[in-house]
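Structure record follows, encoded as structure tokens.
Read the figures in this text as sums done on the coordinates, not as results from a lab. Since the structure is predicted, the reported quantities are computational estimates derived from the model, not experimental observations. Ideal geometry is used to build each Cβ from the backbone, glycine not excepted, and the neighbour counts take in all protein chains shown.
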Amino acid sequence: MTIFHIAERTDWEAARESGGPYEISTRGQTLADVGFIHASRDEEQVRKVQRAFYADLDDLLLLTIDPEGLDVRHEAVGDDVFPHIYGPLPIEAVIDVRPLPRTR
């Protein structure tokens with residue numbers, strides 16, 4: 001089963017160009033700031049997160065992640081449960097990257 005992460009294009013490209021890992025938790029915050037990398041279990045959660053935190057941004061990517069070998073914990077946030085990645089995200093764990101259209 002895969003999980004998803006919304007990334008700003010510049011952050012993802014910088015990690016990829018350096019050989020990784022990717023260490024952005026969420027918009028404007030790093031893994032070091034938060035302690036984990038925010039993720040979503042499905043595209044419905046992705047859309048909710050995008051509307052809540054990224055609605056004003058255009059150049060976003062959706063990373064599809066194979067969680068095998070990662071420390072992923074499913075934790076309650078409000079009334080929902082989200083996967084959180086504890087530790088840096090190896091570039092190799094990202095199995096697909098695609099543009100994320102702006103929500104309306």
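Hey, could you check the range 1-39 for residues that are of a type in the set (A, V, I, L, M, F, W, C) and surrounded by fewer than 17 Cβ atoms within 10 Å (Cβ to Cβ) and say which is farthest from ARG73 (Cα to Cα)? Quick ask: steps written out before the conclusion?
Within the range 1-39, the subset of a type in the set (A, V, I, L, M, F, W, C) is 1, 3-4, 6-7, 12, 14-15, 24, 31-32, 34, 36-37, 39.
Next, from what is left, pick out any that are surrounded by fewer than 17 Cβ atoms within 10 Å (Cβ to Cβ): 1, 14, 32, 34.
On the way: MET1: 14, ALA14: 26, ALA32: 17, VAL34: 14 Å.
Here the answer is ALA14.
Cβ-Cβ distance below 7 Å, separation of 6 or more or different chains: which pairs start in the range 26-37 with a residue that is basic (Lys, Arg) and end on one that is part of a loop (DSSP other than H, G, I, E, B)?
ARG27/TYR54
Please give the number of the condition LEU61 fails out of (1) under 17 Å from TYR86 (Cα atoms); (2) surrounded by 17 or more Cβ atoms within 10 Å (Cβ to Cβ).
So the condition that LEU61 fails would be (1).
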